[in-house]
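Here's the structure, in structure tokens; my notes come after.
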Amino acid sequence: MAEIQKNYQRKVQLSEEYGHIAYIDNIRIFAAVMVIMLHCLSDYLTSIDTEASTWWIAGMVCEMNRVGVPLFFMISGYLVMQSDRTRQAGTFYRRRIKRLVLPFLVWNFLYYVYFRLVEQKPFFSMNFVLEFFNTGSGYHLWFVYSMLILSLFMPFVKMVLDASGRRMQWIFFLLTILQTTIKPTLNLLLDGKIYFYFAEDGMIGYLGYVVLGWLLGSSEISKSQSRAVYILG
């Protein structure tokens, strides 16, 4: 834990000196580009012949672009889990509400107004409330809902990780990605002969990305280990 805190303090000093942690900003830019490309390709994939070579190329590029969303969860996990202030649940919740809930409410309202005008539907209705409790007025706002739910658990996850040794932290990570990574891979390989159910939805998999971001960001990784991380990623 002393090594983790030392690495974090060094990066915090860089952040205070330069305003940002440069490589985190670079990852954010890369992840944002990946998400934009993913959304652009999604409409293209549904509008062309699936037998066309361009469809297969677009499909492969689209799958590679899906790394963008996990990277955003990993960045949040690294930045949030490193801070001792995360353990103070009340203070942490207040700060997250300002950063997530207020901007979300503004953008959700703007999307609602936009779609009401474009679709020429009545503006004053219960749709805004119904959409708000579902996935928001824009389908891509699901990401904010996921981050809000994860934020509720982050103070408690932080306490668990701080009280665990490195080996147990990696085991915790493997358990969290069981739902979204390990289980689907096993079911694909088994081809219906055996099917692992466990649970079909939930936020556990995204929590795995949060924990992974913290583990990788707080570890000293050699070049050979980093190559292995890239290949597995």
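The values are calculated or read from the model by the stated rules, or taken from the named source; none is laboratory data. Since the structure is predicted, the reported quantities are computational estimates derived from the model, not experimental observations. Glycine gets a Cβ as well: all are built from the backbone with ideal geometry, and neighbour counts include every protein chain shown. Just so you know, the surface numbers come from the protein's heavy atoms only, side chains and all, with ligands and any DNA or RNA stripped out. Shrake-Rupley method; radii C 1.70, N 1.55, O 1.52, S 1.80 Å.
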**OP:** Would you mind telling me the share, in percent, of accessible area of the stretch 88-184 contributed by carbon and sulfur at probe 1.4 angstrom?
**Re:** 74 percent
**OP:** Could you check which residue among G192, G77, G213 shows the biggest mean-square fluctuation in a GNM of the chain with a 10 Å Cα cutoff?
**Re:** G192
Original post:
If you place +1 on the Cβ of every Lys and Arg and -1 on the Cβ of every Asp and Glu, how big does the dipole about the Cα centre of the stretch 61-205 come out, in debye to the nearest 20?
Top reply: 600 debye
Subject >> Linear extension gain, L102 paired with Q88, 0.36 nm per residue minus alpha-carbon span >> reply: 3.0 nm
Subject >> Computed label-point distance, nm, for sites L117 and A163 using a 7 Å Cα→Cβ extension >> reply: 5.2 nm
Original post:
For the stretch 85-153, with every protein chain kept in place, what is the accessible area per residue (1.4 Å probe, Å²)?
Top reply: 70 Å²
Original post:
By how many nm would the segment from K223 to F153 grow when fully extended, if each residue of separation counts as 0.36 nm and the alpha-carbon distance is taken off?
Top reply: 21.9 nm
Original post:
Dividing the Cα radius of gyration by the Kirkwood radius, what Rg/Rh value follows for the stretch 129-233?
Top reply: 1.03
Subject >> Listed candidates [x] 32, 26, 19; [y] 36, 18, 16; [z] 50, 21, 16 - label of the one calculated as semi-axes √(5λ) of the Cα gyration tensor in Å >> reply: [x]
Original post:
How large is the helix-only mean residue ellipticity at 222 nm for the chain, computed as the sum of -39500 (n - 2.57) over DSSP H runs with n ≥ 4, divided by its residue count, in deg cm²/dmol to the nearest 500?
Top reply: -22500 deg cm²/dmol
Subject >> Pairs of Lys in the chain closer than 24 Å at Cα, counting only those 8 or more apart or on different chains >> reply: 6
Original post:
Convex hull over the alpha-carbon atoms of the stretch 69-180: what's its volume per residue in Å³?
Top reply: 116 Å³
Original post:
If we sort 204-211, 156-163 on the protection proxy, mean other Cβ atoms within 10 Å, highest first, what's the order?
Top reply: 204-211, 156-163
